[in-house]
Amino acid sequence: MAETREPRLEYVLRLGDSALVLGQRLSEWCGHAPVLEEELALANTALDLLGQARLLLTRAGQMEGAGRDEDALAFLRDPQAFRNVTLVELPNGDFARTVLRNLLFCAFQEQLWAGLRASSDAELAAIAAKSAKETRYHVEHAADWCVRLGDGTDESHQRMQEALDTLWPYTAELFTADAVDEAAAATGFGPAWASLEAGWQKLVRPVLEEATLAVPAPTAFRSTGKGGVHSEHLGHLLALMQTLPRSHPGARW
């Protein structure tokens with residue numbers, strides 16, 4: 001069963017966990033990217049996301065008040081305690097799927113950071129201001145590749161369309177309203193994620209159109225990662241990510 005926490009803490013964990021898990025996924029490309037330039041680009045994106053996760057999980061630990069720091073929250077929680085959206089925990093697939101997911105999620109982050117700059121929590125506002133610069137580059141890089149592949153060869157177009165058909169249904173979770181969102185918006189802590197959909201659509205749709213990709217029709221499917229109910233993929237990801245600190249608890253390097 002998923003843990004229940006104070007809404008503001010849940011809100012920050014959703015941000016930090018999503019950045020952490022996507023950073024871990026992108027790190028899996030090290031040594032496997034199609035060209036050296038993209039090896040470095042994906043690694044740098046992963047490092048930026050890890051940096052965002054560190055700041056956010058540190059803030060979450062302060063808010064929780066249980067003595068857990070960023071490392072404890074990252075490495076010593078079980079899957080059901082994570083609050084990342086399901087989109088970021090899905091396997092990378094091919095390069096087309098990876099860059100498309102970066103576009104879909106980082107475009108959402110771009111909207112989120114803009115709203116969080118006015119947060120009633122000064123530390124969260126500062127994290128948003130710093131992260132916005134990084135995320136702008138992530139969106140531009142992913143958008144360039146989506147257009148290049150979508151409007152490229154028959155095979156690259158097919159792979160991009162397959163990636164979009166697979167990933168698009170998971171984006172609905174980003175904008176599904178719930179009590180955590182409502183509480184954050186009511187107190188000025190952060191924007192309700194549901195309120196960011198119009199801006200996200202305005203950013204993403206023109207890229208997909210230029211890439212000659214057909215957006216799938218809406219469905220009733222809703223993934224539930226931000227509520228703590230994840231796909232089977234998160235457990236495997238965390239097992240790899242957490243094995244060293246769990247095998248040597250309290251170790252210092």
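The values are calculated or read from the model by the stated rules, or taken from the named source; none is laboratory data. A quick note: this is a predicted structure, and the numbers were derived from the prediction, not measured. For neighbour counting, all protein chains shown are included, and Cβ atoms are generated from backbone atoms with ideal geometry for every residue, glycine included. SASA here: full protein model, heavy atoms, side chains in, ligands and nucleic acids out. Shrake-Rupley method; radii C 1.70, N 1.55, O 1.52, S 1.80 Å.
How many nm is it between the label spots at Ala126 and Thr243, if each spot is 7 Å from the Cα in line with the beta carbon?
3.8 nm
Extension gain Asp94-Arg148, at 0.36 nm per residue separation less the Cα-Cα distance, in nm?
On the way: separation 54, 0.36 × 54 = 19.44 nm, distance 1.50 nm.
Length difference between fully extended and current span is 17.9 nm.
Among Cys146, Asn102, Ser119, which residue has its Cα positioned farthest towards the positive end of the charge dipole of the chain, with +1 placed on the Cβ of Lys and Arg, -1 on the Cβ of Asp and Glu, and the dipole taken about the Cα centre?
Of the candidates, Ser119 comes out farthest on the positive side.
With the other protein chains left in place, how much accessible area per residue, in square angstrom, belongs to the chain at a 1.4 angstrom probe?
On the way: 11550 Å² over 253 residues.
The answer is 46 Å² per residue.
Mind putting a number on the dipole of segment 7-247 about its Cα centre? Charges go on the C-beta only, +1 for Lys and Arg and -1 for Asp and Glu, and I need it in Debye to the nearest 20. It would help to have the intermediate numbers written out before the result.
Values: 21 positive and 33 negative charges, 120 e Å.
Result for segment 7-247 is approximately 580 debye, rounded to the nearest 20.
Less than 20 Å apart at the alpha-carbon level, and either on another chain or at least 8 residues along: which aspartates and glutamates does that give for Lys133?
Partners within reach: Asp17, Glu38, Asp48, Glu110, Asp121, Glu123, Asp144.
Over segment 73-163, what is the relative contact order in percent, taking alpha-carbon pairs closer than 8 angstrom and at least six residues apart?
31 percent
Projecting each Cα onto the charge dipole of segment 1-94 (Lys/Arg +1, Asp/Glu -1 at the beta carbon, about the Cα centre), which of Ala43, Cys30, Leu73 comes out farthest on the positive side?
Of the candidates, Leu73 comes out farthest on the positive side.
Order these peptides, 67-75, 158-166, by their mean beta-carbon neighbour count within 10 angstrom, highest first. Don't jump to the answer; show the numbers that get you there.
Working: 67-75: 15.9, 158-166: 18.9.
Order by mean packing, descending: 158-166, 67-75.
Could you check the simple spin-label distance between Glu6 and Asp78, using points 7 Å along Cα→Cβ, in nm with one decimal?
If labels sit at Glu6 and Asp78, their model points lie 2.5 nm apart.
At a 1.4 Å probe, what is the % contribution of carbon and sulfur to the accessible area of segment 1-109?
Answer for segment 1-109 is 55 percent, counting heavy atoms of protein chains only.
Only residues of segment 204-246 count here: report those whose backbone N is under 16 Å from the spot 7 Å along Cα→Cβ of Glu162, or say none.
So the set is 214.
Quick check: net charge around Glu140, other residues with Cβ under 15 Å of its Cβ, Lys/Arg +1 and Asp/Glu -1? Each step should come with its number before you reach the end.
Values: positive: Lys133, Arg136, Arg148; negative: Glu37, Glu38, Asp48, Glu110, Glu134, Asp144, Glu210.
Here the count lands on -4.
If packing is taken as the average number of other Cβ atoms within 10 Å across a peptide's residues, how do 214-226, 238-250 rank, most packed first?
Details: 214-226: 13.5, 238-250: 11.9.
Going by the mean number of other Cβ atoms within 10 Å, highest first, we get 214-226, 238-250.
Which of the peptides 50-56, 37-43, 99-105, 117-123 is most tightly packed, and how do the rest follow, going by the mean number of other Cβ atoms within 10 Å of each residue? Before the final figure, lay out each step's value.
Working: 50-56: 21.1, 37-43: 16.1, 99-105: 25.7, 117-123: 14.1.
Output ranking for 50-56, 37-43, 99-105, 117-123: 99-105, 50-56, 37-43, 117-123.
Multiply the residue separation of Ala118 and Ala198 by 0.36 nm, subtract the distance between their alpha-carbon atoms, and state the gained length in nm to one decimal.
Full extension from Ala118 to Ala198 adds 26.9 nm.
Could you calculate the contour length gain from His236 to Arg68, that is, 0.36 nm times the residue separation minus the distance between their Cα atoms, to one decimal place in nm? Don't skip to the end; give the middle numbers.
Numbers: separation 168, 0.36 × 168 = 60.48 nm, distance 2.32 nm.
Between His236 and Arg68, full extension yields 58.2 nm more.
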